[in-house]
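The values are calculated or read from the model by the stated rules, or taken from the named source; none is laboratory data. Not measured: the values here are computed from a predicted model. Please note: Cβ atoms are built from the backbone with ideal geometry, for glycine as well, and neighbour counts cover all protein chains shown.
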Amino acid sequence: MTGKRIVVMARHGESEWSKNNVFCGWYDSHLSDRGTNEALECAQLLKQSNYKFDKAYTSLLTRAHQTLKIITEHIDQPNLPVEESWRLNERHYGALTGFNKAELAEQYGENQVQIWRRSFDVLPPEMDKSHAYYMSIWCHPKIVAHSYTTSEKFPFYRIA
């Protein structure tokens, strides 16, 4: 392929769990009403910019699929080819999944919670089989550090 390539990245809209300040990660929370509106706003901007796409890439999570569907329908590309991969899922929060962020900050300190949330190479505590949401996401691989996503071994490192 020759010529200029444009990659447009859009994050899913707000999820129900994010609305409630709960660590969501790989739990399959749906979009909130606000998240649906955010996806519509994104779609409107893309439509105004006259973007036409060859392919879309998405995670396995419902909130990402909901966002993509809103966008592709609004830009009149409802049959756009889509490739999905767990590797595009949100950060896996391990044992933090399902817990309120403010409550964890009270328990472990704001600094530690921010390290778990934003560190590039520090993993949150691992989720074990007794965790309330383990069975909801057990089929997915173990936690992956964000630093892995910049590795050339990561399948979407050089997508375009």
For segment 1-55, name all the residues that are basic (Lys, Arg) and under 18 Å from Asp76 (Cβ atoms).
Lys47, Lys52, Lys55
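I want to confirm something. Restricting to segment 66-91 and keeping residues that are assigned to a helix (DSSP H, G or I) and at pLDDT below 95, which single residue is nearest to Leu40 (Cα to Cα)?
Here the answer is Leu88.
Could you please give the count of residues in segment 77-94 that are surrounded by fewer than 18 Cβ atoms within 10 Å (Cβ to Cβ) and in contact (Cβ under 8 Å) with a residue 12 or more places away in the chain? Outline the logic, then answer.
Applying the first criterion (surrounded by fewer than 18 Cβ atoms within 10 Å (Cβ to Cβ)) to segment 77-94 yields 77-88.
Then drop every residue that is not in contact (Cβ under 8 Å) with a residue 12 or more places away in the chain, which leaves 77, 80-88.
Qualifying residue count for the region: 10.
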Residue pairs meeting the criteria (Cβ under 7 Å; at least 6 apart or on separate chains; first in a helix (DSSP H, G or I), in segment 22-43; second among the hydroxyl-bearing types (Ser, Thr, Tyr)):
Gly35/Ser15; Ala39/Thr67
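Which of the residues spanning segment 102-131 are aromatic (Phe, Trp, Tyr) and either in a helix (DSSP H, G or I) or without any contact (Cβ under 8 Å) to a residue 12 or more places away in the chain (or both)? Explain how you work it out, then say what you get.
Taking segment 102-131 and keeping what is aromatic (Phe, Trp, Tyr), we get 108, 116, 120.
The answer is Tyr108, Trp116.
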It is to be established whether one or more residues within segment 4-12 are surrounded by 14 or more Cβ atoms within 10 Å (Cβ to Cβ) and either within 26 Å of Glu126 (Cβ to Cβ) or not hydroxyl-bearing (Ser, Thr, Tyr) (or both).
yes
